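Participant: Sharing a structure with you now.
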Amino acid sequence: MSSLILALDVYERERALEIARETADYLWAIKVNWPLLIGSGLGIIPELKEETGLPVIADLKLADIPNTNRLIASKVFEAGSDYIIAHGFVGSDSVRAVMELGKTIIVVEMSHPGAREFIQPVTDGLIELANQLEPFGVIAPATRPERVSYIRSKLKPGIKVITPGVGAQGGKVGEVLKAGADYIIVGRSIYASDNPRESARRIYEEVKAWS
Ligand code: O7M
């Protein structure tokens, strides 16, 4: 089974479906984020599932009070999303509201440089939250493999470590898998390349070689 998640951050429905179709053989799941949901609507979720047969992860990075998280998550799970990504810093009640509705992934540390300012200082607390709630997985930064190792070492074994930041943001497949990542998320290096299928295949082979 592949450990590669495609971050399908395009606006247009047709383009999204075409890239998904071309790359599906090499993916574990497709992640949809606000650009695609704003550009194409929630209906893109069942369409992607039908087109590829793959799970869809809705990367909403939910960060609201429990009731609002619930109102949003219920519609997105209803649309067919298999997983929803939520922020943990808003507190356990807000995350629980999502987890009660379906499989959830919690952000414990982000991949961009600015994550050092506010998220990294509270990562330990977010790991504790994840260990207490036992979500499907957590998000950790492929751009900082030493932080992936640290997060993996503190997390309960059953919780998956999912890492964005490979490729365009500078993260390397081998380093992040060695650090303990279970899945890697790749966006621009696939969807913005001249040949998305070939780019996905190359990354898939690299992941396989390191796994
Ligand atoms: O490979 P890229 O850089 O084009 O895309 C990375 C994707 O992962 C993109 O959809 C980002 O929104 C997402 N992401 C990060 O890049 N960094 C993070 O820390 C967290 C995420 C993410 O997926 O959060 C759930």
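The values are calculated or read from the model by the stated rules, or taken from the named source; none is laboratory data. Note that this is a predicted model, so its numbers are computed, not measured. We place every Cβ from the backbone using ideal geometry, glycine too, and count neighbours over all the protein chains shown. Ligands, DNA and RNA are excluded from the accessible area calculation, which covers all protein heavy atoms including side chains. Shrake-Rupley method; radii C 1.70, N 1.55, O 1.52, S 1.80 Å.
Participant: What are the residues in segment 158-170 that are open to solvent by 10 Å² or more (accessible area, probe 1.4 Å) and either small (Gly, Ala, Ser) or near the ligand (Cβ under 8 Å from one of its atoms) (or both), if any? Please lay out each step first, then the result.
Facilitator: Going through segment 158-170, the residues open to solvent by 10 Å² or more (accessible area, probe 1.4 Å) turn out to be 158, 160, 164, 166-170.
The answer is 158, 164, 166, 167, 168, 169, 170.
Participant: Which of the residues belonging to segment 48-63 are touching a Lys or Arg at 6+ places or on another chain (Cβ under 9 Å) and surrounded by 18 or more Cβ atoms within 10 Å (Cβ to Cβ)?
Facilitator: Once the filter is applied, which keeps residues that are touching a Lys or Arg at 6+ places or on another chain (Cβ under 9 Å) and surrounded by 18 or more Cβ atoms within 10 Å (Cβ to Cβ), segment 48-63 yields 52, 55, 56, 57, 58, 59.
Participant: Hey, among 141, 145, 164, 135, which residue is touching a helix residue (DSSP H, G or I) at 6+ places or on another chain (Cβ under 8 Å) and within 24 Å of residue 10 (Cβ to Cβ)?
Facilitator: Values: 145 fails: within 24 Å of residue 10 (Cβ to Cβ); 164 fails: touching a helix residue (DSSP H, G or I) at 6+ places or on another chain (Cβ under 8 Å); 135 fails: within 24 Å of residue 10 (Cβ to Cβ).
The unique qualifying residue is 141.
Participant: Six or more apart or on different chains, Cβ atoms under 7 Å: show the pairs whose first residue is in segment 181-195 and closer than 10 Å to residue 5 by Cβ and whose second is open to solvent by 30 Å² or more (accessible area, probe 1.4 Å) and of a type outside the set (A, V, I, L, M).
Facilitator: 183/160; 186/167; 187/9
Participant: Quickly run through segment 102-132 and pick out the residues that are part of a helix (DSSP H, G or I), in contact with a Leu (Cβ under 9 Å, 6 or more places away or on another chain) and either open to solvent by 20 Å² or more (accessible area, probe 1.4 Å) or under 21 Å from residue 168 (Cα atoms) (or both).
Facilitator: 131
Participant: Out of segment 176-211, which residues are more than 13 Å from the ligand (Cβ to nearest atom) and crowded, with 18+ Cβ neighbours inside 10 Å?
Facilitator: Residues of segment 176-211 more than 13 Å from the ligand (Cβ to nearest atom): 177-180, 182, 194-195, 197-198, 201-202, 204-211.
Those that are more than 13 Å from the ligand (Cβ to nearest atom) and crowded, with 18+ Cβ neighbours inside 10 Å: 177, 179, 204, 207.
Participant: Follow-up. So which of 114, 88 is within 15 Å of the ligand (Cβ to nearest atom) and either in contact with a helix residue (DSSP H, G or I) (Cβ under 8 Å, 6 or more places away or on another chain) or at pLDDT below 95 (or both)?
Facilitator: 88
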